[in-house]
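I have placed the structure first, in the form of structure tokens, so that the comments after it can refer back to it.
Laboratory data are not the source of any read-out in this text; all were calculated from the coordinates shown. Values in this document were obtained by computation on a predicted structure and should not be read as measured data. Cβ placement follows ideal geometry from the backbone for every residue including glycine, while neighbour counts extend to all protein chains displayed.
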Amino acid sequence: MNTFIAIEPDRCIGCGTCLAACSHGHRVAGLQAEPRLALTFAPQVTAAVTCHQCEGAPCLAVCPVDAIMRTDEAVVVNEQACIGCKLCAIVCPFGAIHPAGTSTAGVAGIAFETPSQPRGTSPLLAWSIGVYTCAVKCDLCSTYDPEGGPHCVRACPTNALFVRDATTLGDARKDKMKAAATANQIMMGRSTNLKEA
Amino acid sequence: MEKHMAVCPYCGAGCKLNLLVDDGMVIGAEGIDGVTNEGELCLKGLSGFDFINDTKILTPRILHPMIRREKGGELERVTWDEALDFTAQRLTEIKEKYGPDAIMLTGSSRGPGNEANFVMQKFTRACIGTNNIDNCARTCHGPSVIGLMDTVGSGAMSVSIPNLENADLIMLFGYNPSASHPIVARRIVKAKEKGAKIIVVDPRSIETARIADLYIQIKNGCNLAFMNAFANVIVSENMHDKAFIDAHTNGFDAWWETIKNYTPESVAEVCGCDPDDIRKAARMYATAPNSVIGWGMGVTQQRQGVKVVHTIAAIACVANQIGRDNAGLAPVRGQNNVQGSCDMGMWPSLLPGYQKVENPEMRAKFEKAWGLPAGALPAEPGFKLTDLPHGVKEGKIRAFYNFGEDPLQTEPDSADMKETLENLDLLISQDIFMTQTTALADVVFPGTSWGEHDGVFSASDRTFQRFTAAVPPKGECKHDWQIFQELSTRMGYPMHYEDTEEIWNEVRELCPNFYGATYEKMAGTGHAQWPVPTLECPGTPTLYKNGQFNTADKKAILMAHDFVEPTELPDDAYPLVLCTVREVGHYSCRSMTGNCKVLSMLADEPGYVHINPADAEARNIRDEDLVWVSSRRGKVITRACLDERINKGAVYMTYQWWIGKCNDLTMHVTDPLSGTPEDKYSACEVHSIDDQVWAERHMQALYSALKDRLAAEAAPQNVAPAAEASAE
């Protein structure tokens with residue numbers, strides 16, 4: 001099955017340590033420094049939105065140059081092959097893929113950007129002079145640190161992020177079924193003196 | 001690759017980490033098992049290391065001493081000898097002409113550590129002969145230090161950060177740990193998972209509000225009214241602990257005379273909340289087995305900051321929610337070593353170890369230890385940091401020695417502060433970066449950075465921990481304490497320390513509460529939480545056990561005050577309340593984090609003004625638009641974030657931005673009891689900008705111009721001094 005990263009929103013404090021770890025890891029590996037996950041703040045929920053590494057990945061299906069491929073670990077983008085067409089970003093149902101590029105204005109701290117559009121412009125339409133963009137998406141850090149596992153999961157100070165793979169999902173399902181069974185028993189008006197194992 | 005143990009330099013949590021060094025460059029950081037962080041780090045700890053390498057992303061590091069021979073002239077790189085001689089001569093002239101009290105100094109609560117600060121205050125008191133030394137606590141938790149010393153005796157957290165997770169109830173009042181101290185927020189998440197009840201009282205629905213059992217959205221500026229009513233409920237509903245009050249407090253009857261007038265109904269309008277919610281909160285707090293109140297700048301940067309701290313302390317006492325491991329007071333400190341600055345006597349009325357300058361016995365002890373004649377140490381408390389603007393205007397302060405702070409960024413009303421700094425006869429800035437303040441200095445001393453020196457920090461919960469150098473000093477940077485001792489020696493009071501341990505041992509000898517905190521005890525991930533009076537004592541995580549307060553008769557003093565509205569209320573011209581808050585990924589004036597690759601990429605100029613969608617719509621402002629924010633003090637460009645989590649009628653700006661600079665808008669009005677500015681409340685208006693592309697380019701142009709100006713100010717350091725060149 002596909003392995004992906006899930007979040008427990010009640011643990012998320014919106015601090016962005018996941019973004020920092022993602023950016024640092026990829027940048028040091030020579031990949032785009034743009035974080036692969038995004039923090040989303042709704043009135044009642046704060047959560048990092050991550051790629052689900054879908055079984056039937058639409059991003060992979062629509063890529064016209066086969067720059068997106070499935071490896072044993074994840075659905076990954078070949079940044080060199082990507083032509084920045086943004087089709088993958090349009091079809092992603094989670095908003096988990098978007099274009100990014102490295103600005104030449106940022107070299108050696110002499111940044112002087114010349115914005116051409118308001119910041120509110122959709123990232124799919126935004127461009128900046130001389131910057132070639134390519135798609136960035138979560139690779140579970142498998143392209144540069146397969147042993148270490150996803151850096152965001154490791155870095156999260158409240159342990160709000162989890163790797164969901166066949167084992168952990170199976171366990172989670174069992175826990176949910178147990179909880180449902182207990183709730184059912186309570187609903188039926190039965191009480192129990194049994195302590196939790 | 002080498003690993004060097006350090007303590008994170010970014011907030012008061014005191015997280016232990018290793019700096020990873022390769023080929024003389026710091027290339028990473030990893031959490032280690034410190035008492036507070038248990039191996040975890042937030043984004044600043046994890047990614048906030050590369051400023052040491054002089055990345056020049058925001059502003060260059062200062063690597064050589066420079067002076068401005070004439071006021072308004074160009075900076076010129078000189079040898080250390082010349083820079084120190086020049087400074088010693090100028091300071092001596094000012095001291096002779098206007099007296100020692102014409103010189104004001106500020107300590108650094110950031111990277112330098114306790115030893116450097118101790119030597120600086122020794123230089124101030126023993127060599128210059130003034131108590132004009134303060135630190136940035138004045139702008140942040142000063143009211144907590146003062147308010148707690150007035151009531152319970154010690155100006156610090158009474159509980160430890162690790163014990164927060166075992167409390168039965170945590171109430172956060174004007175404190176957003178997720179942004180200020182993610183590693184403390186982590187303890188609150190854990191407390192919740194262990195079954196603690198959480199109450200959040202704040203105008204913003206902060207992250208913790210989402211997991212709170214009770215969230216009360218209050219209006220800005222109503223703190224004292226709310227807390228008085230909260231106290232009123234505890235006593236009216238008979239939830240106070242009469243035996244504890246009788247045995248361990250003074251002044252209950254007088255306290256109640258004021259508090260009894262504040263029924264929840266009487267404050268409902270001022271607070272903008274349901275009176276029953278106040279009752280519910282008070283019941284939860286008073287009846288839980290162990291409750292902690294945590295507060296932050298939402299309490300202290302207000303007109304009545306000290307008075308609210310008095311009331312919070314009184315509430316904890318009357319409800320007997322103090323003096324136990326999981327019950328007490330938690331004013332969590334902002335800067336990594338702001339507790340340390342206060343510990344080291346960077347305070348106009350306190351010698352190191354909270355020993356009052358007004359006490360002749362204390363002065364005599366220090367005079368003896370420092371080889372001074374009897375009566376040499378000044379007895380009068382000195383100026384506060386916030387006295388600087390009027391002190392200079394009135395001609396009382398002539399010279400200012402700025403150590404590792406950037407008042408032009410962090411103090412209110414920047415235009416007024418700039419005039420203040422320009423009107424000084426002598427401005428000395430000892431820093432690691434060319435900040436906006438350093439760019440105005442007549443003398444620029446390059447100190448070593450965190451990561452280049454050893455020392456001890458005090459975490460927010462009174463925990464002393466050691467940090468070590470990872471890389472050698474860059475350029476001609478000297479350790480801060482070396483600079484002070486060389487200057488002091490030139491000015492007639494010789495000091496000759498060999499290393500930080502020698503300094504620390506002097507601190508231990510002079511401060512009974514710190515005596516047991518030896519370097520040996522603090523080796524590795526070791527720590528010592530004061531009071532730690534003996535070598536055997538492992539430290540004291542909890543203050544006031546068994547109701548023993550640190551006052552003269554061991555009893556807490558209950559103090560109550562009447563509520564007064566904030567100074568500058570919104571009106572037709574400026575209808576919105578401006579409240580300044582913190583950026584989670586940046587720190588203080590941003591000179592450090594702004595020079596880190598990851599942190600500067602995740603959040604950069606001009607920052608955001610958070611505005612309720614209803615207020616934005618009324619002004620035709622869309623999310624991510626650049627906007628003008630104006631007040632009676634100034635006007636800045638920033639970016640709008642439409643935020644449903646904040647109250648209508650108020651906007652929030654983080655104080656880290658140099659272009660979107662909220663301190664161009666705030667006003668220099670202070671709480672008279674502490675001198676702390678009312679940063680959480682002033683009036684402003686937000687205006688839309690029609691041409692967004694122009695606005696984006698204008699903002700970039702302002703930002704580039706600022707960076708260029710600072711780089712140009714630092715550039716003379718690249719030219720070796722003529723004298724040295726000819727000697728070679």
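Quick notes
- Region A:117-181-region B:465-513 distance, computed between alpha-carbon centres (Å): 46
- P(r) for region B:2-53, from all Cα pairs and a bin width of 5 Å, is 5, 24, 35, 23, 10, 3, 0 %, short bins first.
- At q = 0.11, 0.18 Å⁻¹ the log10 of I(q)/I(0) for region B:358-511 amounts to -0.58, -1.36, computed by Debye summation with a single uniform scatterer per C-alpha, solvent ignored.
- Percent antiparallel among DSSP beta bridges (both partners in the protein assembly as shown, rounded to 5): 55
- The calculated FRET efficiency for the pair B:Ala701 and B:Asp571, based on their C-beta separation and a Förster distance of 45 Å, comes to about 0.85.
- Spatial separation of Cα centroids for region B:646-710 and region A:24-60, in angstrom: 31
- The convex hull defined by the C-alpha atoms of chain B has an orientation-averaged projected area of 29.9 nm².
- Summarised in one figure, the compactness ratio Rg/Rh of region B:576-715, Cα atoms and Kirkwood Rh, is 0.97.
- Relative packing of peptides A:158-170, B:509-521 - highest average C-beta neighbours within 10 Å first: B:509-521, A:158-170
- An ellipsoid equivalent to the protein assembly as shown, defined through the eigenvalues of its Cα gyration tensor, has semi-axes of 42, 37, 28 Å when rounded to whole angstrom and sorted largest first.
- Scanning residues 5 or more positions from B:Asn135 or on other chains, those with amide H under 5 Å from its amide H are B:Gly107, B:Leu385, with H placed 1.01 Å from N in the peptide plane.
- Mean projected area of the Cα convex hull of region B:121-230, taken over all directions, amounts to 8.9 nm².
- Between region B:18-42 and region B:311-376, the Cα center-to-center distance that results, in Å: 31
- Magnitude of the charge dipole, chain A, Cβ model with Lys/Arg +1 and Asp/Glu -1, debye to 20: 600
- Structure remark: mean-square fluctuation, Gaussian network model of chain A, C-alpha springs under 10 Å; the largest value among A:Lys176, A:Lys137, A:Lys86 belongs to A:Lys176.
- Kirkwood analysis of the Cα pair distances in region B:384-469 returns a hydrodynamic radius of 14.3 Å.
- For A:42-52, mean number of other protein chain Cβ atoms within 10 Å: 2
- Per-residue shielding of A:157-164, expressed as the average number of other chain Cβ atoms within 10 Å of the residue Cβ, stands at 4.
- q = 0.13, 0.19, 0.26 Å⁻¹: log10 I(q)/I(0) that the Debye formula gives for region B:255-342, counting C-alpha atoms only: -0.53, -1.08, -1.46
- Cα-derived Rg over Rh, computed across region B:448-603 with Rh taken as Kirkwood radius: 1.09
- Projecting the Cα atoms of B:Cys42, B:Ala29, B:Cys11 onto the charge dipole of region B:2-53, computed from C-beta unit charges around the Cα centre, puts B:Cys11 farthest toward the positive end.
- Placing unit charges on the Cβ atoms only, positive for Lys and Arg and negative for Asp and Glu, gives chain B a dipole magnitude near 1100 debye about its Cα centre.
- Karplus-derived HN-Hα couplings along region A:41-57 (A = 6.51, B = -1.76, C = 1.60, θ = phi - 60°), whole Hz, x at Gly and Pro: 10, 10, x, 10, 9, 10, 7, 7, 8, 10, 5, 8, 6, 3, 4, x, 3
- Counting all C-alpha pairs of region B:1-115, share separated by more than 21 Å (%): 58
- For region B:660-718, the residue among B:Pro677, B:Leu710, B:Gln700 whose Cα projects farthest onto the positive side of the dipole built from Cβ charges is B:Leu710.
- Rounded to the nearest 20 debye, the dipole size of the protein assembly as shown about its Cα centre is 1720 debye, using +1 on the Cβ of Lys and Arg and -1 on the Cβ of Asp and Glu.
- Pairs of Cα atoms nearer than 8 Å and 6+ residues apart set the relative contact order; for chain B it is 21 percent.
- Ellipsoid semi-axes in whole angstrom, largest first, where each is sqrt(5λ) of the Cα gyration tensor of region B:142-335: 22, 19, 17
- Reciprocal of mean inverse Cα separation for region A:31-164 (Kirkwood radius, Å): 16.2
- Those Cys residues of chain A for which no other cysteine Cβ falls under 4.7 Å: A:Cys12, A:Cys15, A:Cys22, A:Cys54, A:Cys63, A:Cys85, A:Cys92, A:Cys141, A:Cys156
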